[in-house]
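What follows is a short report on a single structure.
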Amino acid sequence: MAAGDVTRKRWFLPETPDVLGMLRRQMAVTIDGADAFARWAGGDAAAAQAVRDAEHQGDVAKRDLLSALREAFVTPIEPEDLFALSRGIDRILNYVTDLVEESEAMASPPDEGIATMAGLLGDALRHLDDALSKLGTDGDHATASADAAIAAQHQLETACYAGMVGLLGVEDRTERITRRELYRRFSRIGEAVVDVAERIVYAVVKQS
């Protein structure tokens, strides 16, 4: 084959988008949303809009990644894992936004327990981001960081249970019920964090 023919064939090779980089950009938006959520939970009511803005940006990042997956010739991990991770990250931010929306709809502002859990959520997400940074290159590091995210989620779960026990001392029945619903939503957020962490571990196992 002539050199010119080889060059022409290279022109037709499909591009390989940085899908892991795009996944991390989606996670970065989610972390921004979680940080805004922590400010909201700490008493900054105006930060609720920043949470909503991040949720919208996260949707855009997810769509961009899925579009890139359709065009990618090769990917550093299996496309189904990238899809599942993107969907899981999206759910975390969706659930956070839902909690803010419900809190405002029920006129039940965040309490100290929710503020504590919001901080722990940020820790867990940063561990997930660290895991993603090594996915496809350092499986041991990715797994260790995913495990750290799960450990942070366990702390979040403990704080959630403690907060729910504390609600037993709230005399107003309506307030007690509405706050319990907010705590249950936080439990759902924690489950979504674990799902992402375990998918990272699964992706590493499949590469072994």
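A few remarks follow.
- Per-residue SASA entry for residue 172, accessible area with 1.4 Å probe, Å² rounded to 10: 80
- Calculated SAXS-style log₁₀ I(q)/I(0) at q = 0.15, 0.17, 0.24 Å⁻¹ - the stretch 25-130, Debye, Cα scatterers: -0.62, -0.75, -1.26
- Loop chymotrypsin sites (Phe, Trp or Tyr not before Pro), the stretch 62-106, which have at most 11 other Cβ atoms in a 10 Å radius of their Cβ (DSSP): 73
- Of the DSSP H helices in the chain, those whose Cα atoms cover at least 24 Å axially and whose Kyte score averages 0.0 or more: 19-41, 112-134, 139-166
- Using C-alpha pairs below 8 Å separated by at least 6 residues, the relative contact order for the stretch 1-153 is 29 percent.
- Label sites at residue 101 and residue 87, each approximated as a point 7 angstrom past Cα along Cα to Cβ, lie 2.0 nm apart.
- Shape category assigned to the stretch 69-146 from the gyration tensor of Cα positions, a/c cut at 1.5: oblate
- Net charge over other residues, Cβ less than 9 angstrom from the Cβ of residue 84 (K, R count +1; D, E count -1): -1
The values are calculated or read from the model by the stated rules, or taken from the named source; none is laboratory data. These figures come from a predicted structure and were not determined experimentally. Heads up, the Cβs are rebuilt from the backbone with ideal geometry, glycines too, and the neighbour counts pull from every protein chain shown. Calculation scope for accessible area: heavy atoms of the full protein, side chains included, ligands and nucleic acids excluded. Shrake-Rupley method; radii C 1.70, N 1.55, O 1.52, S 1.80 Å.
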